Amino acid sequence: MSRAVLRTGMWLGFYAAILWAWWMMFSMSREMDLDWIGRPGPMGQAMAAMDPRMDMYMPMAEFGPLFWMWAIMMAAMMLPTLVPTLRSYDDLIHSANGTRAGWLGVLTGFGVVWVGFAALITGIQLVLLFGGVVDMLGIAKSGWVAGGLMIVVGAFQFSRVKEVCHGVCHAPMTYFLGHWKTGFTGGLRMGLGLGTFCVGCCWGFMVLGFVGGVMSLLWMGLATVFMVLEKLPQIGHRVTRPMGFLLIAGGVLLLAFPLSYGG
């Protein structure tokens, strides 16, 4: 198999994984009778109204099914943001001693970190669910909670942690040059590091799922587009703080009119 064919096949497989993850999220949304903003239709309203402590089988109140949902969601939302990073490594295959195995290692390491984050946020959602903070669909029950989350995530956009983590995500080539390791194992180690910085940069947009509903395809799409823009070298640094202002303003509005949130 020629190198060009191998490269093309790997990229096609990568994009196919993204399409599969989005299709799975769309299918789950339809099965749960949800609209594009994650609000329930007749069947979804019945599920959302159920008490999660009742003695019946409810997948969204169990760790396994909920973790599976979050893991697929991480793939749908975060794999597109990895394209600039994988392209940077692709360049090093030609100009340095990078390999296709190393490329797969970077992808694997990145995925491992985000799957770990999926497990963490699954636990958080279950705590919030059984604590009465969110409903069965992961939608905050109070405008105060939703507004507070938006303000916290918006303020984080101005923090030093955000600046450092975004700097790494925004310039993956610099990270590769400073942490270069060869082969699959080397790529895996670099992928784990890049994934950790990526979580540090983007965790807030995952938490915002509790504002719009974690099954909201609209929220997923908008968050994915913004996180991709943040990582583009031409405009990445220009969108971070404006988004912070928008989130804080939106949070203030929800705090000012809490009764209007969530219907």
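At a glance:
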quantity	calculated
Failed condition for Val161, given (1) of a type outside the set (Gly, Ala, Ser); (2) surrounded by fewer than 16 Cβ atoms within 10 Å (Cβ to Cβ); (3) in contact (Cβ under 8 Å) with a residue 60 or more places away in the chain	(3)
Residue count, region 215-263 (criterion: farther than 30 Å from Met173 by Cβ, part of a loop (DSSP other than H, G, I, E, B) and at pLDDT below 85)	5
Enumerated helices (runs of 4 or more DSSP H) restricted to region 57-170, each holding at least 1 residues that are of a type in the set (Asp, Glu) and in contact with a helix residue (DSSP H, G or I) (Cβ under 9 Å, 6 or more places away or on another chain)	83-95, 160-170
Among the residues listed as Gly147, Gly116, Gly105, the single one being surrounded by fewer than 20 Cβ atoms within 10 Å (Cβ to Cβ) and closer than 28 Å to Phe67 by Cα	Gly116
Residue that is modelled with pLDDT of 95 or more and either among the polar types (S, T, N, Q) or touching a helix residue (DSSP H, G or I) at 6+ places or on another chain (Cβ under 8 Å) (or both), where the choices are Thr182, Thr196	Thr196
Which listed residue, of Arg100, Arg87, is touching a residue at least 40 places away in the same chain (Cβ under 8 Å) and basic (Lys, Arg)	Arg100
Selected residue [at pLDDT 95 or above and closer than 24 Å to Trp219 by Cβ] from Gly64, Gly105, Gly111, Gly41	Gly111
Cross-chain or 6+ apart pairs with Cβ under 6 Å, region 226-240 first and more than 12 Å from Phe205 (Cβ to Cβ) and touching a residue at least 60 places away in the same chain (Cβ under 8 Å), then in a helix (DSSP H, G or I) and of a type in the set (S, T, N, Q)	Lys231/Thr81
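The values are calculated or read from the model by the stated rules, or taken from the named source; none is laboratory data. In this text the structure is predicted, and so the values were computed from the model without any measurement. All Cβ positions, even for glycine, are placed from backbone atoms using ideal geometry, and neighbour counts span all protein chains on display.
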